[in-house]
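These notes are about the structure you will find just below.
The values are calculated or read from the model by the stated rules, or taken from the named source; none is laboratory data. Keep in mind that this is a model prediction, so the values were computed, not measured. Note that each Cβ is placed from the backbone with ideal geometry, even for glycine, and that neighbours are counted across all protein chains shown. Heads up: the accessible areas ignore ligands, DNA and RNA and are worked out on the full protein's heavy atoms, side chains in. Shrake-Rupley method; radii C 1.70, N 1.55, O 1.52, S 1.80 Å.
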Amino acid sequence: MNMKKIVTLVMALVLLLGCGAEAAVSSTGSANTVGSTDASGEKEKQDERYVKLFTDSYFNYYMDKKSAKWIACPDKNDEYIIDVWVKLERIEEANAKSLAERMNDSQYTYQEKYYLEHYYIRPSTQQIQFLCELEVSGRPDNDISQRKYNVKNWEYLVPESVEDNIYQAVVKKMGKKPGSKGNILESAGDFIEDVFRIAI
(Lines give C-alpha, C1' and ligand atoms only; values in the text may rest on other atoms or scores of the structure.)
Protein backbone atom coordinates (compact mmCIF):
# COMPACT_ATOMS: atom_id res chain seq x y z
CA MET A 1 0.00 0.00 0.00
CA ASN A 2 1.55 3.29 -1.04
CA MET A 3 1.81 6.42 1.10
CA LYS A 4 -0.97 8.28 -0.77
CA LYS A 5 -3.50 5.52 0.04
CA ILE A 6 -2.42 5.49 3.72
CA VAL A 7 -2.88 9.26 3.97
CA THR A 8 -6.32 9.04 2.31
CA LEU A 9 -7.38 6.21 4.64
CA VAL A 10 -6.20 8.08 7.76
CA MET A 11 -7.98 11.28 6.63
CA ALA A 12 -11.22 9.32 6.09
CA LEU A 13 -10.96 7.73 9.55
CA VAL A 14 -10.30 11.05 11.26
CA LEU A 15 -13.26 12.65 9.45
CA LEU A 16 -15.55 9.78 10.42
CA LEU A 17 -14.45 9.97 14.05
CA GLY A 18 -14.90 13.75 14.07
CA CYS A 19 -18.39 13.54 12.53
CA GLY A 20 -19.40 10.86 15.03
CA ALA A 21 -18.22 12.98 17.96
CA GLU A 22 -19.99 16.04 16.57
CA ALA A 23 -23.25 14.08 16.23
CA ALA A 24 -22.93 12.81 19.80
CA VAL A 25 -22.40 16.34 21.11
CA SER A 26 -25.37 17.73 19.16
CA SER A 27 -27.67 14.95 20.39
CA THR A 28 -26.76 15.45 24.04
CA GLY A 29 -26.68 19.26 23.85
CA SER A 30 -23.47 21.13 23.15
CA ALA A 31 -21.69 23.12 25.83
CA ASN A 32 -21.07 25.82 23.19
CA THR A 33 -24.70 26.83 22.75
CA VAL A 34 -26.04 30.11 24.09
CA GLY A 35 -27.83 29.57 27.37
CA SER A 36 -25.60 26.74 28.62
CA THR A 37 -24.12 26.36 32.09
CA ASP A 38 -21.47 29.04 32.72
CA ALA A 39 -18.21 28.76 34.70
CA SER A 40 -19.93 29.50 38.00
CA GLY A 41 -22.16 26.45 37.49
CA GLU A 42 -25.39 28.46 37.39
CA LYS A 43 -27.84 27.34 34.71
CA GLU A 44 -28.92 30.30 32.61
CA LYS A 45 -32.64 30.54 31.95
CA GLN A 46 -33.55 29.87 28.32
CA ASP A 47 -36.33 32.48 28.28
CA GLU A 48 -34.10 35.44 29.29
CA ARG A 49 -33.09 37.74 26.46
CA TYR A 50 -29.75 38.75 27.95
CA VAL A 51 -27.15 36.27 29.11
CA LYS A 52 -24.45 37.52 31.50
CA LEU A 53 -20.92 37.66 30.12
CA PHE A 54 -18.89 39.14 32.99
CA THR A 55 -18.68 41.97 35.56
CA ASP A 56 -15.97 44.56 36.12
CA SER A 57 -15.67 47.39 38.65
CA TYR A 58 -18.33 49.55 36.98
CA PHE A 59 -20.63 47.43 34.78
CA ASN A 60 -22.39 44.11 34.35
CA TYR A 61 -22.01 42.97 30.71
CA TYR A 62 -24.73 40.94 28.98
CA MET A 63 -25.05 39.47 25.48
CA ASP A 64 -28.37 39.80 23.64
CA LYS A 65 -28.77 36.15 22.72
CA LYS A 66 -31.89 36.75 20.60
CA SER A 67 -30.10 38.92 18.05
CA ALA A 68 -26.57 37.43 18.27
CA LYS A 69 -25.81 35.55 15.07
CA TRP A 70 -23.14 34.34 12.66
CA ILE A 71 -23.06 36.35 9.43
CA ALA A 72 -20.89 36.25 6.31
CA CYS A 73 -18.04 38.74 6.60
CA PRO A 74 -19.00 41.61 4.21
CA ASP A 75 -15.68 41.57 2.30
CA LYS A 76 -15.04 37.80 2.41
CA ASN A 77 -17.53 35.18 1.19
CA ASP A 78 -15.70 32.27 2.82
CA GLU A 79 -15.43 33.75 6.35
CA TYR A 80 -18.05 34.16 9.07
CA ILE A 81 -18.13 36.70 11.90
CA ILE A 82 -20.38 37.24 14.93
CA ASP A 83 -22.86 40.13 14.93
CA VAL A 84 -23.68 40.92 18.57
CA TRP A 85 -25.28 43.53 20.82
CA VAL A 86 -23.85 43.87 24.33
CA LYS A 87 -25.80 45.46 27.18
CA LEU A 88 -23.84 47.37 29.84
CA GLU A 89 -25.64 47.92 33.13
CA ARG A 90 -23.99 50.09 35.80
CA ILE A 91 -23.51 48.25 39.09
CA GLU A 92 -25.43 50.93 41.03
CA GLU A 93 -28.27 50.77 38.47
CA ALA A 94 -28.46 47.00 38.93
CA ASN A 95 -28.61 47.48 42.72
CA ALA A 96 -31.39 50.09 42.41
CA LYS A 97 -33.36 47.79 40.09
CA SER A 98 -32.98 44.90 42.52
CA LEU A 99 -34.16 47.12 45.40
CA ALA A 100 -37.21 48.26 43.40
CA GLU A 101 -38.10 44.64 42.61
CA ARG A 102 -37.74 43.61 46.26
CA MET A 103 -39.92 46.54 47.42
CA ASN A 104 -42.64 45.44 44.95
CA ASP A 105 -44.32 48.79 45.52
CA SER A 106 -46.90 49.68 42.86
CA GLN A 107 -46.42 53.42 43.56
CA TYR A 108 -42.65 53.21 42.92
CA THR A 109 -41.61 52.85 39.30
CA TYR A 110 -38.01 52.28 38.33
CA GLN A 111 -36.85 53.51 34.91
CA GLU A 112 -33.94 51.31 33.85
CA LYS A 113 -30.91 53.09 32.40
CA TYR A 114 -28.23 51.16 30.52
CA TYR A 115 -26.01 51.15 27.43
CA LEU A 116 -26.15 49.02 24.29
CA GLU A 117 -23.05 48.46 22.19
CA HIS A 118 -22.98 46.83 18.76
CA TYR A 119 -19.95 44.79 17.69
CA TYR A 120 -18.67 42.56 14.91
CA ILE A 121 -16.37 39.83 16.21
CA ARG A 122 -13.92 38.01 13.95
CA PRO A 123 -12.76 34.72 15.52
CA SER A 124 -10.48 33.73 12.61
CA THR A 125 -8.13 36.66 13.33
CA GLN A 126 -9.12 37.44 16.95
CA GLN A 127 -10.33 40.94 16.08
CA ILE A 128 -13.28 43.12 17.06
CA GLN A 129 -15.04 46.02 15.33
CA PHE A 130 -17.10 48.58 17.25
CA LEU A 131 -20.18 49.87 15.38
CA CYS A 132 -22.15 52.02 17.84
CA GLU A 133 -23.21 52.74 21.41
CA LEU A 134 -26.65 53.82 22.69
CA GLU A 135 -27.56 55.27 26.06
CA VAL A 136 -30.99 53.88 26.92
CA SER A 137 -33.50 55.07 29.51
CA GLY A 138 -36.47 52.75 29.58
CA ARG A 139 -36.85 51.48 26.01
CA PRO A 140 -34.38 51.97 23.13
CA ASP A 141 -35.35 53.84 19.93
CA ASN A 142 -34.81 52.23 16.56
CA ASP A 143 -33.49 55.39 14.85
CA ILE A 144 -29.80 54.83 15.47
CA SER A 145 -26.80 55.90 13.46
CA GLN A 146 -23.85 53.57 13.46
CA ARG A 147 -20.70 53.46 11.43
CA LYS A 148 -20.68 51.16 8.43
CA TYR A 149 -18.51 48.07 8.20
CA ASN A 150 -14.99 48.89 7.09
CA VAL A 151 -12.12 46.43 6.77
CA LYS A 152 -9.83 49.12 8.26
CA ASN A 153 -11.89 49.26 11.48
CA TRP A 154 -10.89 45.79 12.71
CA GLU A 155 -8.95 46.10 15.97
CA TYR A 156 -6.60 43.56 17.50
CA LEU A 157 -7.30 42.75 21.14
CA VAL A 158 -5.32 44.24 24.02
CA PRO A 159 -5.07 41.54 26.71
CA GLU A 160 -7.53 42.04 29.60
CA SER A 161 -9.11 45.13 28.02
CA VAL A 162 -12.92 45.46 28.03
CA GLU A 163 -12.94 44.56 24.32
CA ASP A 164 -10.81 41.47 24.98
CA ASN A 165 -13.20 40.37 27.74
CA ILE A 166 -16.23 40.94 25.48
CA TYR A 167 -14.57 39.05 22.62
CA GLN A 168 -13.56 36.05 24.77
CA ALA A 169 -16.96 35.78 26.50
CA VAL A 170 -19.03 36.14 23.30
CA VAL A 171 -16.93 33.63 21.35
CA LYS A 172 -17.26 31.17 24.23
CA LYS A 173 -21.06 31.62 24.33
CA MET A 174 -21.50 31.39 20.54
CA GLY A 175 -19.15 28.43 20.09
CA LYS A 176 -18.12 27.33 16.62
CA LYS A 177 -20.17 28.34 13.61
CA PRO A 178 -22.92 25.73 13.09
CA GLY A 179 -22.02 23.24 10.36
CA SER A 180 -18.36 24.28 10.38
CA LYS A 181 -16.06 21.41 9.42
CA GLY A 182 -12.83 23.42 9.24
CA ASN A 183 -11.73 22.42 12.73
CA ILE A 184 -11.99 18.69 11.91
CA LEU A 185 -9.96 19.05 8.72
CA GLU A 186 -7.34 21.12 10.51
CA SER A 187 -7.00 18.56 13.30
CA ALA A 188 -6.80 15.74 10.73
CA GLY A 189 -3.99 17.57 8.94
CA ASP A 190 -2.16 18.17 12.21
CA PHE A 191 -2.58 14.50 13.18
CA ILE A 192 -1.15 13.23 9.87
CA GLU A 193 1.73 15.71 10.04
CA ASP A 194 2.58 14.66 13.61
CA VAL A 195 2.30 10.88 13.07
CA PHE A 196 3.54 10.41 9.50
CA ARG A 197 5.64 13.59 9.18
CA ILE A 198 3.75 14.47 6.00
CA ALA A 199 2.79 18.11 5.42
CA ILE A 200 -0.62 18.54 3.79
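Computed on the Cα atoms alone, the convex hull of the stretch 50-175 gives a volume of 117 cubic angstrom per residue.
The listed peptides 126-136, 84-94, 142-152, ordered by packing as a protection proxy, come out as 84-94, 126-136, 142-152 (highest mean of other Cβ atoms within 10 Å first).
Annotated for the stretch 50-175: lysine pairs at least 8 residues apart or interchain, Cα distance under 21 Å, count 28.
Surface analysis of the stretch 50-175 yields an accessible area of 61 Å² per residue, using protein heavy atoms and a 1.4 Å probe.
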